[in-house]
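All remarks here apply to the structure that follows.
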Amino acid sequence: MTRIFPGYRIRRGASTLRRFFARLAGDPSGAAAVELGLLAPVLTLMVVSVIDIGLGVHRKMQVEDAAQVGAQYAMRNGFDANAISNAVVSATNFSSITAAPAPVKFCGCATGSGISTVSCGTTCPGGAVAGTYTMVSAQAKYSSLLNYQFVPQTYYFSAQSTARLQ
């Protein structure tokens, strides 16, 4: 009867294990799956972050468009603060847009850097009579999809649009 020593089994098992891992190390068939498993969460986070930034930029553009729609409404229909505010709020499908502060009507003279406020009927430096203007504002709050820890989660967008009525 042959006796097998326990040390022999351990050495034999160790060499079998060594050969098994050597074969695995030389076999690249599962490498792509492992790489995908490691990179998929990172790529998913990147895609969600880009979508989140895109939504934020889109919301900012909607606020700017709402202010512009209010100014266009005033040019087309005359100054009516309530109607202009309604035009701002209903300009987009973004429900948190508000017309704040309320639209204002003022007289002013156009300058190289903007509009200087003057009394109605005043003659401007260029010789023209002061025009009637309206300033329309829009505001909204946007909350990002993820909390990124290093940037705020809530953003407040605001826009103003000024147009000459007459």
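Within region 130-152, track down each residue that is part of a strand (DSSP E or B) and either farther than 27 Å from PRO101 by Cβ or among the charged types (D, E, K, R) (or both).
Matches in region 130-152: LYS141 only.
Looking at GLU35, is it part of a helix (DSSP H, G or I), in contact (Cβ under 8 Å) with a residue 24 or more places away in the chain, surrounded by 10 or more Cβ atoms within 10 Å (Cβ to Cβ) and among the charged types (D, E, K, R)? Considered against the rule, which asks whether it is part of a helix (DSSP H, G or I), in contact (Cβ under 8 Å) with a residue 24 or more places away in the chain, surrounded by 10 or more Cβ atoms within 10 Å (Cβ to Cβ) and among the charged types (D, E, K, R), GLU35 comes out as no.
Candidates in region 68-114 are the residues that are small (Gly, Ala, Ser) and touching a residue at least 60 places away in the same chain (Cβ under 8 Å); of these, the one that is surrounded by the fewest Cβ atoms within 10 Å (Cβ to Cβ) is GLY78. Among the residues of region 140-163, those identified as farther than 18 Å from ALA74 by Cβ and buried (at least 17 other Cβ atoms within 10 Å of the Cβ) are ALA140, TYR142, PHE157.
In the set SER119, SER113, SER85, only one residue is in contact with a Cys (Cβ under 7 Å, 6 or more places away or on another chain) and small (Gly, Ala, Ser); that residue is SER119.
We did not get these values from a lab; they are worked out from the coordinates using the rules stated. Computed from a prediction, not measured in an experiment: that's the story for all the values here. For neighbour counting, all protein chains shown are included, and Cβ atoms are generated from backbone atoms with ideal geometry for every residue, glycine included.
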